Amino acid sequence: MVNCSIVTYRTEEAELSSIMKLLKGCPEVAEVYVVDNTYDNVGYGRGHNKAFEKTFSTDAKYHLVVNTDIRFEPDVITRIVGFMDAHPDVGHLMPRVLNVDGTDQHLAKSLPSPLDLIHRRLFGSHRCELAFPETGFYDVRYLSGCFMFLRVDAMRRLKEKDGYLFDSRFFMYPEDIDFTRRMAQVARTVYWPEVSIIHDHRRESYESLRMTRIHAWNMLKYFWKWRGDWR
């Protein structure tokens, strides 16, 4: 019922083994596709696009894009599948995402503008963060790429509309913003905080000059693509 994809790049074996064990322990999970970018780094989105094509050749109803640094309780996938089955208009779901210490990462956000990005770099706070009650579910056009639970039928509609799923022009970072706002044109994209996962977020672009340059360049490409329509 659920296929999953993981893109790795020099990922520690223990970390990959941990998420694989979690996924294989979920009765709803059918296939897990691991795209290793170590020897040919084609980028995050392009790597997942390879796995999407594999899913399209199966009868899977859902596809989960997940990072290796994600952890969750065994019933999380079961609960999300139940929610998606009950809400056929939802094409993309993100649960509440927590830090290791249990604090909220606030990864359901409004669409950013260049000024928001500058503000975050200067002051360390994200003006796009949205606050929601811990019950209910909410339509959001910017959901993090660390855990994207997708309806395959909605993915097919998105590809039919645009000709692609993740935009391969983005090497990494803004591809989840672009994907969510485009998916919102063909199906609902929702944040559901009644289920939570843990994300051991590294924030590499804040610690590496090279990653900072990659982040900045790809965000410039994102803003150019959506020029005149940042909100």
Exercise. Given H placed on each backbone N at 1.01 Å, which residues far from Leu143 in sequence or on other chains put an amide H within less than 5 Å of it?
Worked result: Thr180
Exercise. For the range 161-176, what does the Karplus curve 6.51 cos²θ - 1.76 cosθ + 1.60, with θ = phi - 60°, yield as ³J(HN,Hα) per residue in whole Hz, taken in order and with x for Gly and Pro?
Worked result: 6, 9, x, 7, 9, 5, 6, 5, 5, 9, 5, 5, 5, x, 5, 6
Exercise. Considering only Ile177, Trp217, Gly228, whose Cα is most displaced toward the positive end of the charge dipole of the range 165-228, charges sitting on Cβ of Lys, Arg (+1) and Asp, Glu (-1)?
Worked result: Gly228
Seminar exercise, completed: Quick calc, the chain, dipole around Cα centre from Cβ unit charges on Lys, Arg (+) and Asp, Glu (-), nearest 20 debye, gives 940 debye
Problem set entry | Karplus (6.51, -1.76, 1.60) ³J(HN,Hα), θ = phi - 60°, over the range 16-26, in Hz, Gly and Pro reported as x | 5, 4, 5, 5, 5, 4, 4, 5, 5, x, 8
Problem set entry | Ellipticity estimate at 222 nm from DSSP helix runs (n ≥ 4, -39,500 (n - 2.57)) divided over the chain, nearest 500 | -11000 deg cm²/dmol
Problem set entry | Assigned charges on the beta-carbon of Lys, Arg, Asp, Glu; the range 143-183 dipole about Cα centre (debye) | 160 debye
Exercise. So what's the gap between the Cα centers of the range 73-88 and the range 127-188, to the nearest angstrom?
Worked result: 18 Å
For this session: Taking 7 Å along the Cα-to-C-beta vector as the label spot, tell me the Arg127-Thr78 distance in nanometres, rounded to one decimal.
Result: 4.5 nm
Seminar exercise, completed: Within the set Ala187, Ala108, Ala86, GNM on the chain using Cα springs under 10 Å gives the largest fluctuation to Ala86
Exercise. Which percent of Cα pairs goes in each bin when the distances of the chain are cut into 10 angstrom slices starting at zero?
Worked result: 7, 34, 40, 17, 1
Problem set entry | Cross-link reach list, lysines versus Lys159, counting only Cα pairs under 30 Å and skipping chain neighbours closer than eight places | Lys24, Lys50, Lys54, Lys61, Lys109, Lys221, Lys225
Exercise. What FRET efficiency would be calculated for the residue pair Asp104, Tyr9, taking the C-beta separation as r and a Förster radius of 30 Å, to the nearest 0.05?
Worked result: 0.65
For this session: Restrict the search to the range 24-73; then list the chymotrypsin sites (Phe, Trp or Tyr not before Pro) that DSSP places in a loop and that have at most 10 other Cβ atoms within 10 Å of their Cβ.
Result: Tyr39
Problem set entry | Point-charge dipole on Cβ atoms (K/R +1, D/E -1) for the range 41-168, about Cα centre, debye to 20 | 420 debye
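Cβ under 15 Å from Glu13's Cβ, Glu13 left aside: what net charge do those residues give with Lys, Arg +1 and Asp, Glu -1?
Local net charge: -2.
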Exercise. For Thr8, which sequence-distant residues (separation of 5 or more, or a different chain) have an amide H within less than 5 Å of its own amide H, given hydrogens modelled in the peptide plane?
Worked result: Val35, Asp36, Asn37
Exercise. Which residues' amide hydrogens lie under 5 Å from the amide hydrogen of Val195, considering only partners 5 or more residues apart or on another chain, with H built in the peptide plane?
Worked result: Arg96
For this session: Scan the chain and hand back the longest stretch that contains none of the GluC sites (Glu not before Pro) lying in DSSP loops with at most 14 other Cβ atoms within 10 Å.
Result: 13-133
Exercise. Which trypsin sites (Lys or Arg not before Pro) from the range 10-46 combine a DSSP loop assignment with at most 11 other Cβ atoms within 10 Å?
Worked result: Arg10
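Bear in mind these aren't lab numbers, they're just calculated from the coordinates by the rules spelled out. Here the structure is a predicted model, which is why all the values come from computation and not from measurement. We place every Cβ from the backbone using ideal geometry, glycine too, and count neighbours over all the protein chains shown.
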